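Step one of this worksheet: look at the structure below.
The values are calculated or read from the model by the stated rules, or taken from the named source; none is laboratory data. What you are looking at is a predicted structure, and each value in this text was computed from that prediction instead of being measured. With ligands, DNA and RNA removed, areas are computed over all heavy atoms of the protein, side chains included. Shrake-Rupley method; radii C 1.70, N 1.55, O 1.52, S 1.80 Å.
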Amino acid sequence: MTTVDRYRLTFTHPGPDSRMVTDEVVVERTTAHGPGGNPVYSDPTGILRAEISPAGEVRMLASGAYQSPINPAAEPIP
């Protein structure tokens, strides 16, 4: 099984006027592995980090204090 190099993460959350807001971020594979043994992906700033399994399961990893990351949907980018 090949490892995907990039994913598009889609976050959905309530906006200021109670409508749902969608944010998308592209992350790239790093050399690190998460607590589940899967590759860790990061955005260019290094603030957003996620462990993504081959099945597409996402585990957001806190990169600093006071973070409460929500789990997004992940879509491989060829």
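Could you run the Karplus curve 6.51 cos²θ - 1.76 cosθ + 1.60 with θ = phi - 60° over the stretch 11-19 and give me ³J(HN,Hα) per residue in whole Hz, x for Gly and Pro?
9, 10, 8, x, x, x, 10, 6, 7
If you rank Arg29, Arg6 by how much accessible surface each has, with a 1.4 Å probe, what is the order from largest down?
From most exposed to least exposed: Arg29, Arg6.
How would you classify the chain from its alpha-carbon gyration tensor, with a ≥ b ≥ c the square roots of the eigenvalues: rounded for a/c under 1.5, else prolate if a/b is greater than b/c, otherwise oblate?
Prolate.
How high is the relative contact order of the chain, given as a whole-number percent (alpha carbon pairs under 8 Å, six or more residues apart)?
Details: 147 pairs, mean separation 23.5, N = 78.
Answer for the chain is 30 percent.
Could you state the accessible area per residue of the chain in Å², with a 1.4 Å probe and every protein chain left in place?
68
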